[in-house]
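Inspection log for the structure reproduced underneath, given as structure tokens.
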Amino acid sequence: MYLKLYWLAIRIPAYIKIKPKGLNMSQTAMDTSAFSEMKELMGDTLNEVIALCLQSLPEQLSAIEEAINNDNAESLFNVSHKMKSASGSIGAFGLAEKAETLELIGRDGSTQVPDQAIDELRDATKQVITFLNTEMSN
């Protein structure tokens, strides 16, 4: 499933990129203008990407929480990295930024994630899922 998401994401034109880190620390979970551009360019193919994201985001969040609870830094790194990539591919730059925070913690061999970081990841994930569900129903 992740490979399919990646394959679809690389079809997005190069000018739609993840915004540089540090530009906007209070970035919203979903960049609606980037999403609108992708929607216009990808047409119905985007619905498949949305469906994959709606399936994978809750699974990834659950796997991240499990990795933290089981003190599994490698899993934390891997799943956070996948979430970051998938989120960036649909314009969920704020969510990608939150996932990257956890990815870096896992890459350092730790699972000591501040409560605020996991809470922000949960909130951003919920916002993106709500947005994507709304898009699917339109």
* Asked: Of the residues in the range 71-116, how many are more than 14 Å from Gln60 (Cα to Cα), under 16 Å from the mean Cα position of the chain (by Cα) and of a type in the set (Ser, Thr, Tyr)?
  -> 2
* Asked: Using beta carbons and a limit of 9 Å, which pairs, at least six apart or on different chains, have the first residue in the range 120-138 and touching a residue at least 60 places away in the same chain (Cβ under 8 Å) and more than 9 Å from Lys98 (Cβ to Cβ) and the second one part of a helix (DSSP H, G or I) and of a type in the set (Gly, Ala, Ser)?
  -> Gln127/Gly94; Val128/Ser87; Val128/Gly94; Leu132/Ala51; Met136/Ala51
* Test for Thr101: is it modelled with pLDDT under 95 and within 22 Å of Asp119 (Cα to Cα) -> no
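The values are calculated or read from the model by the stated rules, or taken from the named source; none is laboratory data. Worth saying up front: this structure is predicted, and the values here are computed from it rather than measured. So basically every Cβ, Gly included, is an ideal-geometry build from the backbone, and we count neighbours across all protein chains shown.
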